Amino acid sequence: MSGHYDHDLEKKGHEPHVVTEDGAVPGESFEYGNGLYARMQRLAGKYGVEQRGIERVPENERTDTSLANVGTMWLSANMVVSSFALGLLAQKLFFLGFVDAILTCMFFNLIGILPVCYFSSFGPRFGLRQMVLSRFWFGWWGVKLIAVFNVLACIGWSAVNSIVGAQLIHAVNNDVPGAAGIVIIAVCTFLICLFGYRVVHAYEFYSWIPTFIIFLIVLGCFAHTGDFINIPMGVGKSEMGSVLSFGSVIYGFATGWTSYAADYTVYQPATASRRKIFLSTWLGLIFPLLFTEFLGIAIMTATTANDGNNRYMDGYKASGTGGLLAAVLFKGVGHGFGRFCLVLLALSIIANNIPNIYSVALTMQIMGRWTQRVPRFVWTFIGTCAYIAIAIPGYNSFEDVLQNFMDMIGYWLAIYEGISLTEHFVFRRGFGGYVAAHYDDARMLPPGIAAVAAFCFGVAGMVTGMSQVWFVGPIALHAGLAPFGGDVGFELAFAFAATSYFVLRKIELKRFGR
């Protein structure tokens, strides 16, 4: 099968596009290179704004040798209050006990982060962004379908995260409306993303530190109160359904970085150890996810106390996640310092939104040649405006938005992972089956018919296993207690997509030879 990927063809492939000093892209017409695009790129370069989009990073420019940059990128992006908010759903929506919620959180996080870690190792090897790499699995045209889902995911993530941050700001000052908090977070995120890869990594390298310190203060304050309640585990089909459904939400959050994992390692040298990249990413993900979500699970247990004056429940009802954290901090360290801590936690959302807004611009450039001719920073601005418009009306229904969104993320990414990993391991037989120079040549890429068809089969699996308020699949009904059963949508989506792709790709290769 490897004969279909002849390495000698690399010399015949198109050279990767690079942005020159005047902002032009080689291969385009002189008129275009000296037109609006070139002028905008020159303006961007004047102020230090990153000019490169989805063009392959030349090996001589891959000078970021710091593994700490890899790990802290994800450490900061997940050491945030939105990860903490996810832990609250265990009791709030799924009525899980403490121990079963902790075990579910651990198990599904461990599964969810593996694709993120693995795909991060593709960036140094090829110098290509994640959506560009996806052309090798979905083809020139098929990847556009994936890009649409990824754009929706990036915008959706940012909207959900901004709501959490706005709740915190509102808890500090009730006179600040949720819309104002959302705009504050969005503007700060945009300014960092504007300057690109190196500034993004520089910010993420340090931003986890104050957030971690504040979470430690929250932990100490809550532990000192003795208000923790060890809610017992459930039993039977009801417990099974709750575990599977909460696990689906946890998986969706953990694996949500998969579709842009390689974006943040493309400046690592091609000789970088894939194992070290994998391990750095794994450590950067697993620690903040487990720490913040475990903390959320523990504190949420205090809302179940029936003492007639439950400040935790009162705070949660008043301002959601922000109100709950305020109940902990105001009692433990006083209102003044407590407000300061809440403001810093609200601003931690910036670190979580940065990968989304940086990558949404790169994803938009996959849509077509014309979108690639729009500078990255313009798409960054448009993406920012889009998620502000979504977050403001969704502010008052956060829990429902969060659960439904996390589930949908997990569903489509499970399909993406099923197809891409099958292509990588079965048909390309590892990294040696790629010719990186073919990334921009539709004639050398797979037709994408098998991938798109397998994606549809994955959706069928998702539908049979999903458990949502608005629809419960027939298999999901048997995975828990009626009427909601248990959510096994992402597991079936992965299985259906991988199995169908294995069959269909063989037929496609036989017919097209690529």
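For LEU445, which sequence-distant residues (separation of 5 or more, or a different chain) have an amide H within less than 5 Å of its own amide H, given hydrogens modelled in the peptide plane?
Close amide H contacts, sequence-distant or interchain: none at all.
Treating only the Cβ atoms of Lys and Arg (+1) and Asp and Glu (-1) as charged, compute the dipole magnitude of segment 470-514 about its Cα centre; round to the nearest 20 debye. All intermediate terms of the calculation are to be shown ahead of the outcome.
Working: 5 positive and 3 negative charges, 105 e Å.
Dipole about the Cα centre, nearest 20: 500 debye.
Can you tell me how much longer the chain between CYS188 and LEU481 gets when fully stretched, taken as 0.36 nm per residue apart minus their C-alpha distance, in nm with one decimal?
Details: separation 293, 0.36 × 293 = 105.48 nm, distance 4.45 nm.
Extra length from CYS188 to LEU481 when fully extended: 101.0 nm.
Relative to the longest principal Cα axis of the chain, at what angle does helix 178-194 sit, 0 to 90 degrees, rounded to 10?
30 degrees
In nanometres, what is the gap between the two model label sites at ALA270 and TRP370, each 7 Å from Cα along Cα-to-Cβ?
3.5 nm
Of the chain, which part is the longest with no chymotrypsin sites (Phe, Trp or Tyr not before Pro) in a loop (DSSP not H, G, I, E, B) and with at most 15 other C-beta atoms within 10 angstrom? Mind showing how you got there, number by number?
On the way: sites that count: TYR47, PHE95, PHE228, TRP470, PHE471.
Answer from the scan: 229-469.
With point charges of +1 on the Cβ of Lys and Arg and -1 on the Cβ of Asp and Glu, referenced to the Cα centre of the chain, which listed residue (ALA497, ILE354, PRO210) lies farthest in the positive direction of the dipole?
Going by the Cα projections, it comes out as ALA497.
Calculate, for ILE213 and LYS510, the FRET efficiency according to 1/(1 + (r/R0)^6) with r their C-beta to C-beta distance and R0 35 Å; round to the nearest 0.05. Spell out each step's value before the answer.
On the way: r = 59 Å, r/R0 = 1.67.
Approximately 0.05, to the nearest 0.05.
Probe radius 1.4 Å, ligands and nucleic acids ignored: give me the carbon and sulfur share of the accessible area of the chain as a rounded percent. Could the numbers behind the result be given before it?
Details: 13080 of 19370 Å².
It is 68 percent, rounded to a whole number.
Once R0 is set to 35 Å, what does the formula 1/(1 + (r/R0)^6) return for the Cβ-Cβ distance between PHE381 and ASN230, expressed as a FRET efficiency to the nearest 0.05? Numbers along the way, then the final one.
Working: r = 48 Å, r/R0 = 1.38.
The computed FRET efficiency comes out at 0.10.
Each label point is 7 Å from the Cα along the Cα-to-Cβ direction; what then is the distance between the points at ASP314 and TYR47, in nm?
Distance between label points: 4.8 nm.
Normalized C-alpha radius of gyration of the chain, against 2.2 N^0.38 Å? List each step's numbers first, then the result.
Numbers: Rg = 23.1 Å, N = 514, 2.2 N^0.38 = 23.6 Å.
Ratio of Cα Rg to 2.2 N^0.38 Å: 0.98.
Express in nm, to one decimal, how much length is gained between PHE431 and THR499 on full extension, taking 0.36 nm for each residue of separation and deducting their alpha carbon distance. Before the final figure, lay out each step's value.
Working: separation 68, 0.36 × 68 = 24.48 nm, distance 2.15 nm.
The span from PHE431 to THR499 would gain 22.3 nm if fully extended.
Summing -39500 (n - 2.57) over the DSSP H runs of n ≥ 4 in the chain and dividing by its residue number, what mean residue ellipticity at 222 nm do you reach, to the nearest 500 deg cm²/dmol? Could you put the intermediate results ahead of the total?
Values: 22 runs with 345 residues, N = 514.
Calculated from helices alone, the mean residue ellipticity at 222 nm is -22000 deg cm²/dmol.
For segment 228-273, with equal point scatterers placed on the C-alpha atoms only and solvent neglected, what are the log10 I(q)/I(0) values from the Debye formula at q = 0.13, 0.29, 0.32, 0.33 1/Å, to two decimals?
The Cα Debye sum returns log10 ratios of -0.56, -1.00, -1.04, -1.06.
Using a Förster distance of 22 angstrom, determine the FRET efficiency expected from the C-beta separation of GLN468 and PHE95, and round it to 0.05.
Details: r = 17 Å, r/R0 = 0.77.
Once rounded, the FRET efficiency stands at 0.80.
With point charges of +1 on the Cβ of Lys and Arg and -1 on the Cβ of Asp and Glu, referenced to the Cα centre of segment 66-398, which listed residue (ALA261, ALA171, VAL81) lies farthest in the positive direction of the dipole?
ALA261
Which value, in Å², gives the accessible area per residue of the chain when a 1.4 Å probe is used on the protein heavy atoms? The partial results should precede the final answer.
Working: 19370 Å² over 514 residues.
Here the per-residue accessible area is 38 Å².
Please report, in debye to the nearest 20, how large the charge dipole of segment 247-338 is about its Cα centre when each Lys and Arg carries +1 at its beta carbon and each Asp and Glu carries -1 there. Show your work: numbers first, answer last.
Working: 6 positive and 4 negative charges, 54 e Å.
That gives a dipole near 260 debye.
Tell me, what is the 1.4 Å probe accessible area of CYS456, in Å² to the nearest 10?
Surface accessible to solvent at CYS456 totals approximately 80 Å².
The values are calculated or read from the model by the stated rules, or taken from the named source; none is laboratory data. The shown structure was predicted, so the numbers you read here are calculated from the model rather than taken from an experiment. Here Cβ is always computed from backbone atoms with ideal geometry, including for glycine, and neighbour counts include all displayed protein chains. The accessibility values were calculated without ligands, DNA or RNA, using every heavy atom of the protein model including side chains. Shrake-Rupley method; radii C 1.70, N 1.55, O 1.52, S 1.80 Å.
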